[in-house]
Amino acid sequence: MSTRDVETMIGRWERLLERAPLTIEGDMAVVTDLFREAAAVDPADPTEVQDLADASYAANQAAEAVRKWVQSTCAVDVATGLTIAPPRTAPPATSPATTVPTTTEPAPTPAPTVAP
């Protein structure tokens, strides 16, 4: 993954964070911050690598909440970016039932036939 790929991915998460509803905004911020931190880590510095590992473990609950929210709201697996099911939609509006009036009158009886 190139630096440009990482920057693109972080930009997407930042845009998601800007639009996230309050119910998931805090968890989304934790995950987005973790991606920013990971992008800045010097892999040759063991202290930075360990700090990132610690931050990753600390972010686990938030990441799981974001995964579940995105899956249930958007039907997307955030790990792969693939659609996994139809998105959740509001049920169709129902209209009042219409009934066809019925008669309670008995059907007319046929007239008797007279033999010649």
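Observations
- For segment 25-49, a tally of residues being of a type outside the set (A, V, I, L, M) and within 22 Å of E64 (Cβ to Cβ) returns 8.
- Flag if E37 is outside any loop (DSSP other than H, G, I, E, B), within 16 Å of I10 (Cβ to Cβ) and of a type in the set (D, E): yes
- Filtered residues of segment 22-79 (kept if at pLDDT below 90, touching a Leu at 6+ places or on another chain (Cβ under 9 Å) and either surrounded by fewer than 15 Cβ atoms within 10 Å (Cβ to Cβ) or over 24 Å from S2 (Cβ atoms) (or both)): V70
- Residue list for segment 9-32, filter: part of a helix (DSSP H, G or I), without any contact (Cβ under 8 Å) to a residue 12 or more places away in the chain and of a type outside the set (G, A, S): R12, R15, E18, R19, L22, E25
The values are calculated or read from the model by the stated rules, or taken from the named source; none is laboratory data. Only a predicted model underlies this, so the values are computations on that prediction, with no experimental measurement involved. As a convention, Cβ positions derive from the backbone with ideal geometry for all residues, glycine included, and neighbour counts pool all protein chains shown.
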